[in-house]
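Quick note: the coordinates plus some simple rules give every number you see, no bench work behind them. Since we're looking at a predicted model, the values are computed, not measured. We place every Cβ from the backbone using ideal geometry, glycine too, and count neighbours over all the protein chains shown.
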């Protein structure tokens with residue numbers, strides 16, 4: 001199990017985060033894991049624990065400063081109050097710098113809202129070495145492909161009602177035109193297909209855990225990070 005730590009943003013402010021470490025972590029690569037709109041909850045801590053079990057030092061920054069929720073309306077409220085530019089340029093950059101002090105290479109990966117922030121981090125965090133996006137992108141005018149100098153892997157759901165697949169196609173065109181090294185995978189699934197809590201009565205009408213897609217995306221993620229960070 002991981003522990004809560006504090007790290008510093010570039011502007012000197014302190015931020016809490018959940019840190020999960022593998023056994024014998026000396027020389028291990030790092031991954032900054034970015035939450036969905038629910039906050040720093042048990043599910044996203046579990047993702048960090050899985051990275052640690054795979055040999056990575058994983059850090060989940062607490063972007064909501066201690067708040068989390070299981071209610072979609074409250075999650076939307078928390079997300080809409082988040083300053084995405086500040087989160088990417090300060091919280092996430094600080095998290096990458098914190099891991100970079102001990103890890104030779106550091107990747108960034110996030111889900112839903114965290115997927116959008118992963119793309120913004122690829123633009124705004126020069127210390128990052130690779131990025132993996134799960135079903136989320138910001139307004140495309142905030143993506144400057146010329147500033148993305150790291151390899152990018154992304155997993156998209158063709159039935160996603162939050163992040164339309166047409167936007168994914170536009171994003172791919174932008175990245176291709178900008179010469180970005182990227183690889184997109186599309187899955188016949190709905191939003192949040194890799195979140196094992198989105199099942200039965202607990203799931204939203206627009207989300208659904210899809211174990212086969214989740215397993216394939218995880219395998220591809222580990223293969224990608226293994227190639228780029230090890």
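Rg over Rh for the chain works out to 0.93, both radii taken from alpha-carbon positions and Rh defined as the Kirkwood radius. With both labels modelled 7 Å from their Cα along Cα-to-Cβ, the residue 141 to residue 101 distance reads 3.8 nm.
If packing is taken as the mean number of other Cβ atoms within 10 Å per residue, what is the order of 6-17, 215-226, highest first? Walk me through the numbers before you get to the answer.
Numbers: 6-17: 14.3, 215-226: 16.2.
Ranked by mean Cβ neighbours within 10 Å, highest first: 215-226, 6-17.
Considering only 82, 92, 19, the Gaussian network model of the chain with Cα springs below 10 Å gives its largest mean-square fluctuation to 82. Distance between the C-alpha centres of the range 2-19 and the range 193-230: 26 Å, rounded to the whole angstrom. The distance between label points at residue 216 and residue 158 comes to 1.0 nm (points 7 Å beyond Cα on the Cα→Cβ vector).
A simple spin-label model places pseudo-atoms 7 Å from Cα toward Cβ; at residue 172 and residue 42 they are separated by 3.8 nm.
Note on residue 71 and residue 50: the extension gain reaches 5.1 nm, defined as 0.36 nm multiplied by sequence separation minus the Cα-Cα distance.
Over the chain, what is the relative contact order in percent, taking alpha-carbon pairs closer than 8 angstrom and at least six residues apart? Write down the numbers at each step before the final one.
Values: 507 pairs, mean separation 36.4, N = 230.
Relative contact order, the chain: 16 percent.
The distance linking the range 37-106 with the range 122-161 is 16 Å (Cα centroid to Cα centroid, whole angstrom).
Between residue 203 and residue 5, what is the FRET efficiency for a Förster distance of 25 Å, r being their Cβ-Cβ separation, to the nearest 0.05? Before the final figure, lay out each step's value.
On the way: r = 32 Å, r/R0 = 1.26.
Once the sixth-power term is evaluated, E becomes 0.20.
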